[in-house]
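The values are calculated or read from the model by the stated rules, or taken from the named source; none is laboratory data. Just so you know, these numbers come straight off a predicted model, no measurement behind them. FYI the Cβ positions are ideal-geometry reconstructions off the backbone, even for glycines, and counts take in every protein chain you see.
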Amino acid sequence: MQSLAIIGSQWGDEGKGKITDLLGQKCDLVVRYQGGNNAGHTIIVGERKIVLHLIPSGILHDHCVSVVGHGVVFDPRAFKEELEHVQKAGVDVTPDRLKISENCSVITYYNKLLDGQREAKGPVKIGTTGKGIGPAYEDKTSRKGIKLKDLLNKEILAQKLKANMMEKEILFKHLYQVDFPPIEEEVEKLYELGKMLEPFLCDTFSLLDHAIQENKKVLYEGAQGVLLDIDYGSYPYVTSSSTGAGGIYTGAGLPGKYVDEVLGITKAYTTRVGEGPFPTELFDELGERIQRIGHEFGATTGRKRRCGWLDLPLLKYTVKASNITSIALTKLDVLAGLENLKVCTAYKYKGKVIDCAYPGIELSEVEPVLEDIKPFHDDFKTDEFSPELKSYIDTIEKGIGIKVGILAHGPERSEIKFVKNYFN
Ligand code: IMP
């Protein structure tokens, strides 16, 4: 296998970080292709906890080149902070090891401000991370975006930012009635940040093209999850990028090839941050307990994550939507020891029973069909799993039609069991 994509198969926060980190060790390149610093991958290095938002997790391995593809929306201020944080933790981040596409769209101060104003004043509250992700992607698609390479030329930057601000100025002054810094000030700041970024910038498409021709091993590191995908997700409660495997082809490139395998990282239950329908959500003490045991707080915003049972109709859909070839089942330890365990195997919807959450159905109107599963009480001290846990895994595999390749009951290497060999 030469290429593998790691994708979140739910609403994000499935535990992609640790598995990407482990499999990244076997690769030559680790590539981000969508999203921005709305993502948060927590990785423990020795005694230190490192939270990566923008920098691919390949940065933690000396032999790996980390690539930020053009599909990423890039906040230079956030990058500067992250760079300092990572360097302080003893990680060597050099332009040889970190390559950023000069065509990434920039998240400006104004994008962040607009994101915050919309969330505060409505009419629709998405529960965004407030990082300016949506407005930056809007700029990109409306062809008014600023690219990282624009930060290297003050005149071009000033010209583009002025055009970019024409409509936003009216929104800030009249609709949102909020103060905003003058364009000249933002130009100065971005230009200074551009100087810091310049050594890292390059044409990452060609870089990948050459790497693939040389048979290098490439890992594509997805952020968020398929259910937050702008096209495949639970719209409008989604993020603004293509979070599934499709995003690789538009956001980084895989010249002349297809991605060999798509690994869907799947939490053994379901969580969601922000607004939007969630059919198996638990509103009782059990939901709170799962939230507590699983430490379900957002790595980027610190918000409490909503918790519920594993939803197989949704998972079956994301497997199809993102061509997922195997899954990693994470956080099994959180469910171990619960007195009651359920899994959603189907929905009742408009008088029918359906087992796949195809788009077009109104998620807020489905009634989940919950099956009781024999609880498991594994302490994971031996390699052998209890018959109850095996049966839980079996129910999942049957429900989604693909195999579990990795089982995780904690974030440590010793707590992650590889049933299947990736990059062998
Ligand atoms: P945005 O990406 O900040 O625009 O937020 C849009 C939606 O995606 C909100 O519901 C966020 O909570 C959610 N979201 C964005 N990034 C993540 C993530 O890394 N994990 C989980 N949810 C996320």
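Tell me, please, whether a residue that is assigned to a strand (DSSP E or B) and either out of contact with any strand residue (DSSP E or B) (no Cβ under 9 Å at 6 or more places or on another chain) or in the same structural domain as Ser242 (by TED's automatic domain parsing) (or both) can be found in region 69-81.
yes
So, of the residues in region 89-108 that are more than 16 Å from the ligand (Cβ to nearest atom) and out of contact with any strand residue (DSSP E or B) (no Cβ under 9 Å at 6 or more places or on another chain), which turns out to be nearest to Thr250 (Cα to Cα)?
Thr94
Within region 287-298, does at least one residue satisfy the condition of being within 15 Å of Gly35 (Cα to Cα) and either within 16 Å of the ligand (Cβ to nearest atom) or within 14 Å of the chain's Cα centre (by Cα) (or both)?
Scanning region 287-298 turns up no residue that is within 15 Å of Gly35 (Cα to Cα) and either within 16 Å of the ligand (Cβ to nearest atom) or within 14 Å of the chain's Cα centre (by Cα) (or both).
Does region 67-83 contain at least one residue that is away from the ligand (no atom under 16 Å from the Cβ), closer than 24 Å to Ala252 by Cβ and in contact with a Phe, Trp or Tyr (Cβ under 6 Å, 6 or more places away or on another chain)?
For region 67-83, residues away from the ligand (no atom under 16 Å from the Cβ), closer than 24 Å to Ala252 by Cβ and in contact with a Phe, Trp or Tyr (Cβ under 6 Å, 6 or more places away or on another chain): present.
Every residue, every condition in (1) in a loop (DSSP other than H, G, I, E, B); (2) of a type in the set (Val, Ile, Thr); (3) more than 30 Å from Asp260 (Cβ to Cβ); (4) at pLDDT 95 or above, yes or no:
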site: Pro375; (1), (2), (3), (4): yes, no, yes, yes
site: Asp379; (1), (2), (3), (4): yes, no, yes, no
site: Leu389; (1), (2), (3), (4): no, no, no, yes
site: Gly410; (1), (2), (3), (4): yes, no, no, no
site: Ser414; (1), (2), (3), (4): no, no, no, no
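Do the conditions hold for Gly35, that is, is it within 16 Å of the ligand (Cβ to nearest atom) and within 19 Å of the chain's Cα centre (by Cα)?
yes
Would you please name the residue that is surrounded by the most Cβ atoms within 10 Å (Cβ to Cβ), looking only at residues in region 256-276 that are away from the ligand (no atom under 12 Å from the Cβ) and modelled with pLDDT under 95?
Val259
Residues to consider are Ala245, Ala252, Ala268; find the one that is under 18 Å from the mean Cα position of the chain (by Cα) and farther than 30 Å from Val73 by Cβ.
Ala268
Output the qualifying pairs, or none if there are none: Cβ atoms under 6 angstrom, residues six or more apart or on different chains, first residue in region 19-32 and farther than 20 Å from Leu329 by Cβ, second residue surrounded by 24 or more Cβ atoms within 10 Å (Cβ to Cβ) and among the charged types (D, E, K, R).
Correct list of pairs: Val30/Glu221; Arg32/Glu221.
Yes or no, residue by residue, for (1) aromatic (Phe, Trp, Tyr); (2) over 23 Å from Leu197 (Cα atoms):
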{"residue": "Tyr137", "(1), (2)": "yes, no"}
{"residue": "Thr141", "(1), (2)": "no, yes"}
{"residue": "Ile156", "(1), (2)": "no, no"}
{"residue": "Lys168", "(1), (2)": "no, yes"}
{"residue": "Leu171", "(1), (2)": "no, yes"}
{"residue": "His174", "(1), (2)": "no, yes"}
{"residue": "Asp179", "(1), (2)": "no, yes"}
